[in-house]
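**Student:** If you scroll down you'll find the structure; I have some questions about it.
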Amino acid sequence: MNNRVTGKIISSVAGDYSVLEDGGAIIVCKARGLFRLKKITPCVGDYVTLALEADNYVIDDIKERRNMLVRPPLANLNCAVIVVSSCEPKPNPLVTDRLTVIFENKNIESLLVFTKLDKKEAELFDLYQRAGFRCYTNAAEGDSGEMFKNAGSGSLEQLIEYLSGKTSALIGNTGVGKTTLLNRFIPGLERPTAEISKKLGRGKHTTRTVELHRLKNGGFIADTPGFSTVESRFYGEIVSGEVAGLFREFLPFLGKCRFNGCTHNGEDGCAVCAAVDNGVNKGTISQSRHDSYRIIYEEAKKAENRY
């Protein structure tokens with residue numbers, strides 16, 4: 001046994017960490033008590049160094065993180081695969097937009113997968129495609145799949161190929177079908193899924209822990225516990241003045257407003273507002289996305305005023 005090895009944490013359960021070491025073996029170990037004293041908790045996705053002590057390995061060092069999510073605890077993500085159901089549970093664009101803002105702020109690429117598609121929901125798909133996001137669908141050919149294929153969407157197979165060599169996570173509301181997608185990504189995994197509650201209109205939590213699964217193309221992907229709301233405070237503070245820059249379709253218009261310090265909330269001469277779809281001439285920026293921007297901006301402003 002080598003005295004020191006390096007690897008990646010792929011799961012964490014009750015203080016036991018499973019580390020995929022660089023040679024391909026999986027080592028289950030504990031973390032040094034020193035981390036607890038420093039209030040540092042190793043998490044799934046961390047690159048770590050293990051030291052051999054009394055015939056057992058312990059986590060001795062955590063490499064600098066590229067990024068980190070608090071809920072769920074995940075580190076060093078390249079992509080967040082945001083799963084959106086167009087039917088049940090009912091999609092909430094504000095929730096999706098909060099997620100894209102959080103991930104843009106952490107330099108994590110947002111990819112959108114639309115499940116349970118209905119032809120009436122084509123506008124929702126088009127909205128995010130126009131905003132510049134990579135959008136995918138798992139709709140079957142001959143159903144609504146052909147329509148979305150013609151709209152320029154990617155197939156699930158193309159998504160899997162895009163995730164090659166990357167560390168990613170499936171993110172979305174409870175019941176949107178994340179675990180079902182994971183089972184399609186990794187044949188034979190057969191993780192349990194749950195039905196949508198007809199009374200509440202949402203699914204039951206079927207994923208309790210975070211674990212990285214290896215894709216056949218060499219990447220990693222995690223299923224994550226679902227949620228009903230997204231609170232930005234759990235993911236790190238976002239400065240109000242930086243919110244506009246986290247809406248990628250706003251970028252060509254920033255710095256072109258009539259007045260310095262424009263907040264893009266309806267000011268005269270605002271280049272961003274002028275680009276918003278007004279219902280008559282389809283603008284570059286959708287009304288829905290701009291509405292979300294205004295809400296997230298105000299939330300960030302209120303948070304700043306509390307401190």
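**Student:** Return yes or no: is Ile238 in a strand (DSSP E or B), open to solvent by less than 50 Å² (accessible area, probe 1.4 Å) and at pLDDT 85 or above?
**Tutor:** For Ile238, the condition - in a strand (DSSP E or B), open to solvent by less than 50 Å² (accessible area, probe 1.4 Å) and at pLDDT 85 or above - is not met.
**Student:** Would you pick out the residues in the stretch 28-56 that are open to solvent by 30 Å² or more (accessible area, probe 1.4 Å) and closer than 21 Å to Leu215 by Cβ?
**Tutor:** Matches in the stretch 28-56: Tyr47 only.
**Student:** Next up: Would you check which residues across the stretch 38-84 are in contact with a Pro (Cβ under 7 Å, 6 or more places away or on another chain), in contact (Cβ under 8 Å) with a residue 40 or more places away in the chain, in a strand (DSSP E or B) and closer than 24 Å to Asn105 by Cα and list them?
**Tutor:** Listed by number, the residues that qualify are Val44, Val84.
**Student:** Hey, any hits in the stretch 91-110 for a residue that's at pLDDT below 80 and open to solvent by less than 50 Å² (accessible area, probe 1.4 Å)?
**Tutor:** There is at least one residue in the stretch 91-110 that is at pLDDT below 80 and open to solvent by less than 50 Å² (accessible area, probe 1.4 Å).
**Student:** Then there's this: Scan the stretch 1-15 for residues that are open to solvent by less than 60 Å² (accessible area, probe 1.4 Å) and in a strand (DSSP E or B) and jot them down. Write out each step before concluding.
**Tutor:** Within the stretch 1-15, the subset open to solvent by less than 60 Å² (accessible area, probe 1.4 Å) is 5-12, 15.
The answer is Val5, Thr6, Gly7, Lys8, Ile9, Ile10, Ser11, Ser12.
**Student:** Quick check on Phe259: is it modelled with pLDDT under 95, open to solvent by 20 Å² or more (accessible area, probe 1.4 Å) and under 21 Å from the mean Cα position of the chain (by Cα)? Give the derivation first.
**Tutor:** On the way: modelled with pLDDT under 95: yes; open to solvent by 20 Å² or more (accessible area, probe 1.4 Å): yes; under 21 Å from the mean Cα position of the chain (by Cα): no.
Considered against the rule, which asks whether it is modelled with pLDDT under 95, open to solvent by 20 Å² or more (accessible area, probe 1.4 Å) and under 21 Å from the mean Cα position of the chain (by Cα), Phe259 comes out as no.
**Student:** I need a count of the residues in the stretch 246-256 that are within 25 Å of the chain's Cα centre (by Cα) and either farther than 21 Å from Asn107 by Cβ or outside any loop (DSSP other than H, G, I, E, B) (or both).
**Tutor:** 6
The values are calculated or read from the model by the stated rules, or taken from the named source; none is laboratory data. All of these numbers come straight from a predicted model, not from anything done at the bench. Methodologically, a virtual Cβ is constructed for each residue, glycine included, from the backbone with ideal geometry; neighbour enumeration extends over all protein chains shown. SASA here: full protein model, heavy atoms, side chains in, ligands and nucleic acids out. Shrake-Rupley method; radii C 1.70, N 1.55, O 1.52, S 1.80 Å.
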